[in-house]
Every structure is written in structure tokens, then in C-alpha cells.
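In what follows, a structure is listed as C-alpha cells, so that the remarks can point back to it.
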Amino acid sequence: MEFSLLKTMQLPVKISYRGLEKSDQIDNLVLDYAARLEKFCDHINRCDVAIEQTNHTHQKGNPYRCRIDVTVSRGHELVADERQMDNGSHQPLNKVIHDAFKTMEGELRRVVDKQRRDVKTHADSRSPK
């Protein structure tokens, strides 16, 4: 099941669910976090979020997984993939989504910093001394 949503963003966010029902609450949470990503990088071309609850009969609880795939201009593809066990902790699905977006924020900061250094280095090498 896949859904494309747009919420006060330039960027369409595709949210897919595997092993659990679509939830407006989770959609809104994902969209809020995705909107924050644009604060770190204004040239995101794509943001796909997969939310999954897998069934492992040998483990206690069902582990949640949130994978975020982001494409940034200049051909950078970034992935954040987090897992969380449902072991009775408070809102494990919300936590795994939060953790995945925090990881993606760090990845975006790293790429943007590198791009800024590359542009500055390129400009410095062209300017007369």
C-alpha cells in the first residue's frame, strides 16, 4: 500500500506501509519530520519512507522498521534505516520513525557541508592570488 502526500512542502513524500495498516497519525508524523529535512537541505528531489512491521516468530514482539530514501541534487542518494523492537516500550513505532529521521538529518548535513566545501574549494582555486 503506497500513498503520496504533500504537506506544506515543495517535496512530495511517498509513504508505504508493509505489515501494518495505514495510519493518518503516522502519515502526519512522517510529513512533519520530512518537512524538517528541508531546513537542512533545500535541494531534495525525492523522499520515500517505508514503514514496516515484520513478523518473526522466534522473537518476542514484532520489530518495526523505518527506511528513508532521499535523493539530493548532484546525484546523492541517502538512506536511513532504523529498527525498533516492540518490547512494551512506549510508542516503539513513533520512536523508530524519529530515529530514522534523526539519522537522515545527519546524512543531509554531511552532504550539504561537503557540497559547500567543494564549491568553496572550486571557487578558491579559480580566484587570482
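Each value in this text was obtained by applying a stated rule to the coordinates, not by laboratory testing. Note that the structure is predicted; figures quoted are calculated from it, not measured.
Numbers below:
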quantity: Extension gain from Asn28 to Asp81, taking 0.36 nm per residue of separation minus the Cα-Cα distance; calculated: 17.1 nm
quantity: Long-range amide H partners of Arg46 with built H, under 5 Å; calculated: Thr71
